[in-house]
Amino acid sequence: MHQHPRALGLAAPSTAPASVAGAIEIAQRQPVQPVTLVRPHAAARAARFFVEKFPGRSMYAVKANPSPELLTILFENGITHYDVASIAEVRLVARTLPGATLCFMHPVKAEEAIAEAYFTHGVRTFSLDSMEELEKIVRATRHASDLTLCVRLRVSSEHSKLSLASKFGVAPNEAKELLFAARQAADALGICFHVGSQAMTPDAYAEAMERVRQAIVEAAVTVDVVDVGGGFPSAYPGMTPPPLERYFETIHRAFESLPISYSAELWAEPGRALCAEYSSIVVRVEKRRGSELYINDGAYGALFDAAHVGWRFPVALLREPESTVRDHGFSFYGPTCDDIDHMAGPFELPADVGTGDYIEIGMLGAYGSAMRTAFNGFGSDETVIAEDEPMVSLYSTVEREVASNVVKL
Ligand SMILES: *Cc1c(COP(=O)(O)O)cnc(C)c1O
């Protein structure tokens, strides 16, 4: 008798997922569980955009979505460098993409993780924000002479939707000492920062680059790398950012005016912007109570940010013929027996949506897929490749047919 591979604790065999022309086909099959849709062409397009237009090196921040299929798509489309933050991410990318260059950009690491990354996986680039971490790196690599050390500066998150300002980064009055010490230990010295995720204006980078300038001038050190981190936005309902080209121009201009040598390199660590459009989910409405829809995925599934950060994702009712009823704002309850499994939205859907209807929730490729759990026995276990356009795209002017059902940005 055949046993399901999962029952043996093994990964499912790596057969390529089935593919469909569009999300509506999934609804027609009436799946009982949520279905994850992936759009390889959307991730490939985002990768090529960064490779061609960012005026430096783009490395992918793996935590945004560590799917091996996605990593492979990004690599095949020119992303050769990967920002990893844990030893599990180091091992995953080393195994999946043997030709990739890994940069260990978490400023607080286990000493054992640093040693394994350096000696087993060839990692040479590490970030840090304290003397303690510098000592750890020097010890764990046995005083290696080929390190690129990036000092993380604390910068403001005021222009971003998700702050990364309080946890990491050396304070302005301590940067001088740390830059000087890192310079002694490093073959190449870098300065990095993170303006926070979903930065809504290029000014965030201009202001952070001003901090970089001050730090370089005060420490009077030679800097070989300036790494502007992540934070590049995607488009969500109510959050339409300026074109990414404007971010790139602002960063380029600021980089060119820094007191650094002509051979210094510019790096970025986009996470969200490279993968948000890669995936979405199709969920079923199991119950309607007024303006509340009980759906079969939620806060413990792909919708963590919708529940805990109040993020609004684009939604579309997958029904044929299309509903002609006017849109109405709904909130969602997820499937678990837990009150906090609630997504306030509002999510704009035709007012006649009801039990048994299928809804596509878009732009879940970044952080949505990565943060799923199987709590309470719920979640998506089927993944299908979709060939249609993502619900919203920063990289394409082609509008999806379901546009009338998509929340207007
Ligand atoms: C999370 C993270 C990123 C990616 O951020 P996005 O906002 O998804 O672009 C990049 N670098 C570091 C150090 C991070 O922690």
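The values are calculated or read from the model by the stated rules, or taken from the named source; none is laboratory data. Note that the structure is a prediction, hence the values are computed from the model and not measured. In this analysis, Cβ positions are derived from the backbone assuming ideal geometry, glycine residues included, and neighbour counts consider all displayed protein chains. The protein model used for the area step is the full one, side chains on, heavy atoms only, and it has no ligands, DNA or RNA in it. Shrake-Rupley method; radii C 1.70, N 1.55, O 1.52, S 1.80 Å.
Observations on the structure shown:
- Only one of the listed residues (Gly368, Gly329, Gly310, Gly377) is modelled with pLDDT under 95 and on the phi < 0 side of the Ramachandran plot. That residue is Gly368.
- Test: Ala7 is assigned to a helix (DSSP H, G or I), exposed (fewer than 14 other Cβ atoms within 10 Å of the Cβ) and at pLDDT below 95: yes
- Counting residues in the stretch 65-81 that are within 16 Å of the ligand (Cβ to nearest atom), β-branched (Val, Ile, Thr) and either over 18 Å from the mean Cα position of the chain (by Cα) or open to solvent by 30 Å² or more (accessible area, probe 1.4 Å) (or both) gives zero.
- Residue list for the stretch 252-289, filter: surrounded by fewer than 18 Cβ atoms within 10 Å (Cβ to Cβ) and not in a loop (DSSP other than H, G, I, E, B): His252, Arg253, Glu256, Glu265, Glu286, Lys287, Arg288, Arg289
- Considering residues of the stretch 246-288 that are under 19 Å from the mean Cα position of the chain (by Cα) and away from the ligand (no atom under 16 Å from the Cβ) only, the residue farthest from Tyr395 (Cα to Cα): Ile281
- One residue alone among Ala316, Ala302, Ala370 is under 15 Å from Glu277 (Cβ atoms) and in contact with a Leu (Cβ under 7 Å, 6 or more places away or on another chain), and that residue is Ala302.
Residues are listed down the side, and each one gets a yes or a no for (1) part of a strand (DSSP E or B); (2) more than 18 Å from Arg272 (Cβ to Cβ); (3) outside the structural domain of Ala110 (by TED's automatic domain parsing):
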{"position": "Ala43", "(1), (2), (3)": "no, no, yes"}
{"position": "Ala46", "(1), (2), (3)": "no, no, yes"}
{"position": "Phe50", "(1), (2), (3)": "no, no, yes"}
{"position": "Met59", "(1), (2), (3)": "yes, no, no"}
{"position": "Pro66", "(1), (2), (3)": "no, no, no"}
{"position": "Leu71", "(1), (2), (3)": "no, no, no"}
{"position": "Leu74", "(1), (2), (3)": "no, no, no"}
{"position": "Tyr82", "(1), (2), (3)": "yes, no, no"}
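Condition check ((1) without any contact (Cβ under 8 Å) to a residue 60 or more places away in the chain; (2) surrounded by 24 or more Cβ atoms within 10 Å (Cβ to Cβ)) across all residues:
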site: His194; (1), (2): no, yes
site: Thr201; (1), (2): yes, no
site: Tyr205; (1), (2): yes, yes
site: Val217; (1), (2): yes, no
site: Val221; (1), (2): yes, no
site: Gly229; (1), (2): yes, yes
site: Tyr236; (1), (2): no, no
site: Met239; (1), (2): no, no
site: Thr250; (1), (2): yes, no
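- Within the stretch 84-131, considering residues that are more than 24 Å from Glu69 (Cβ to Cβ) and aromatic (Phe, Trp, Tyr), the one surrounded by the fewest Cβ atoms within 10 Å (Cβ to Cβ): Phe119
- Selection count where residues are assigned to a loop (DSSP other than H, G, I, E, B) and either within 16 Å of the ligand (Cβ to nearest atom) or open to solvent by less than 70 Å² (accessible area, probe 1.4 Å) (or both), scope the stretch 352-387: 15
- Residue within the stretch 159-173 that is in a loop (DSSP other than H, G, I, E, B) and over 23 Å from the mean Cα position of the chain (by Cα) present: yes
- Qualifying positions in the stretch 161-181 - over 30 Å from Arg312 (Cα atoms) and touching a residue at least 40 places away in the same chain (Cβ under 8 Å): Val170, Pro172, Ala175, Lys176, Glu177, Leu178, Leu179, Phe180, Ala181
- Note on the stretch 132-185: among residues that are within 12 Å of the ligand (Cβ to nearest atom) and among the basic types (Lys, Arg), the one that is surrounded by the fewest Cβ atoms within 10 Å (Cβ to Cβ) is Lys167.
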